[in-house]
1. Could you go through the range 263-273 in sequence order and give the Karplus-derived ³J(HN,Hα) for each residue, using 6.51 cos²θ - 1.76 cosθ + 1.60 with θ = phi - 60°, rounded to whole Hz, and x for Gly and Pro?
2. With each run of n ≥ 4 DSSP H residues scored as -39500 (n - 2.57), what mean residue ellipticity at 222 nm is computed for the chain after dividing by its residue count and rounding to the nearest 500 deg cm²/dmol?
3. Karplus couplings for the range 22-31 from phi (6.51 cos²θ - 1.76 cosθ + 1.60, θ = phi - 60°), rounded to Hz, Gly and Pro as x?
4. Please determine, in degrees from 0 to 90 and to the nearest 10, the orientation of helix 340-349 with respect to the longest principal axis defined by the Cα atoms of the chain, where the helix direction is its Cα long axis.
5. Roughly how much of ASP140 is accessible, in Å² to the nearest 10, using a 1.4 Å probe?
6. So for TYR38, TYR284, TYR170, what's the accessible-area order with a 1.4 Å probe, most first?
7. So what's the angle, to the nearest 10 degrees on a 0 to 90 scale, between helix 315-324 and the longest Cα principal axis of the chain?
8. Would you work out which of SER63, MET73, LEU23 lies farthest towards the positive end of the dipole of the range 20-84, given +1 charges on the beta-carbon of Lys and Arg and -1 on that of Asp and Glu, about the Cα centre?
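The values are calculated or read from the model by the stated rules, or taken from the named source; none is laboratory data. For clarity, every value in this text was computed on a predicted model and none was experimentally measured. Glycine also receives a Cβ, built like all others from the backbone with ideal geometry; neighbour counts cover every protein chain displayed. Keep in mind that these areas ignore ligands, DNA and RNA; they rest on the heavy atoms of the full protein, side chains included. Shrake-Rupley method; radii C 1.70, N 1.55, O 1.52, S 1.80 Å.
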Amino acid sequence: MKIASIVGARPQFIKAAPLDRELRKHHQHLLIHTGQHYDYLMSEVFFQELGIPKPHYNLEVGSATHGRQTGEMLIRIEETLAQEQPDCVLVYGDTNSTLAGALAAAKLHLPVAHVEAGLRSYNRRMPEEINRVLTDHLSDLLFCPTETARENLAREGVTEGVSKVGDVMYDAILDSIEIVDRKSHILGSLDLQAGSYLLVTIHRPGNTDDPHNLAQIMAALNEIDEEIIFPAHPRTSQAIEQLGCQLAPTVKLLEPVSYLDMLALERNARLILTDSGGVQKEAYFLGVPCVTLREETEWVETAEAGWNLLVGASKRKITQAAKEFRPQGERPEIFGGGKASQRIAHLLGSLDRP
Ligand code: UD1
Ligand code: UDP
């Protein structure tokens with residue numbers, strides 16, 4: 001079979017890495033990069049580090065408003081898919097690249113398969129929520145990472161083509177975790193001791209584009225009396241600069257880091273503060289306490305297990321959580337056993353069988 005994957009944003013490169021390896025064993029795998037992320041540290045570094053082949057197409061869409069960016073992707077993806085005529089189109093997660101890929105494929109009557117289907121925050125102010133709902137309802141095959149995701153789909157009447165397969169990001173971490181110590185030198189270069197710092201990432205528009213929320217978060221980070229390592233998404237560094245806020249000497253703002261460096265920073269952090277979906281899961285996989293700077297999460301199981309505390313953007317709640325949050329309970333296996341990519345490859349193969 002010829003399977004086309006549409007990717008465009010940082011977490012999609014990481015999700016596609018284990019699947020690409022699996023798919024190439026049995027199928028032709030065409031990689032189409034929309035160009036949503038384009039800086040070296042937001043894109044190419046992941047292809048190099050994770051051994052993902054260079055995309056067959058880079059549609060070079062770049063940054064724009066939601067309508068313009070999604071529209072431009074739609075035009076260019078449609079042209080590419082019409083030319084390539086794959087047997088199936090794989091989309092990942094919940095970005096504008098995901099929605100554009102699903103919509104272009106569905107209108108060309110190409111089967112659509114959604115990796116990370118069924119997630120919901122039930123907050124329509126998040127662009128991702130709109131992308132997820134629409135993508136799920138356009139998809140023929142829906143690969144759910146968790147039981148909650150499957151239940152969410154069932155509540156919307158989506159039951160056909162749905163499979164719970166586990167989480168491809170867990171596959172990705174298992175593939176890389178053993179080489180992290182050998183390949184990443186970030187702890188040494190930042191002079192960090194394991195367990196002696198907090199790791200922060202934020203990039204949700206609800207935090208970066210709302211000056212009140214961003215000011216609360218930055219004030220909390222400045223007040224926390226511990227070293228803070230903060231690899232900042234370009235959206236975030238721009239917003240911090242615009243806000244004009246002074247950072248305490250304890251807060252180290254960095255450029256985005258590579259995947260292996262990020263895993264090294266995560267694994268050795270005392271605590272992670274984040275609004276990222278992927279980072280919440282990685283904290284759980286690695287057994288590092290996670291404080292989520294949002295009011296809700298799609299990864300409800302991590303919160304239910306007691307390893308993820310939701311605090312929103314309140315300065316008081318963030319500083320209190322940084323001091324007091326010390327989860328100790330079990331971490332049940334909620335994301336499958338690291339075989340999601342294998343299961344997806346197998347299920348995609350079934351499209352070929354009558
Ligand atoms: C996107 C996804 C989000 C995902 C995130 C992963 C949507 C709506 N959002 O958010 O779901 O969690 O990726 O990181 O699809 N920029 C650069 N260089 C780059 C990329 C972006 O400077 O390589 C800057 C631009 O100023 C751009 C801004 O970051 O306007 C936002 O980028 P965009 O791709 O629109 O959204 P993300 O915040 O990255
Ligand atoms: N990540 C990374 N470098 C960074 C920040 C994040 O490699 O500087 C990785 C992180 O380990 C995870 C993924 O990017 O695998 C998460 O992406 P992001 O937070 O951008 O998006 P989300 O998961 O929220 O959609």
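1. Rounded to whole hertz, the list is 4, 5, 5, 5, 4, 9, 6, 6, 7, 10, 10.
2. Working: 16 runs with 168 residues, N = 354.
The helix contribution divided over the chain gives -14000 deg cm²/dmol.
3. Karplus-based 3J(HN,Hα) across the range 22-31 equals 5, 5, 5, 5, 10, 9, 8, 10, 9, 9 Hz.
4. 10
5. 80
6. Largest accessible area first, the list is TYR38, TYR170, TYR284.
7. 80
8. The listed residue farthest towards the positive side: LEU23.
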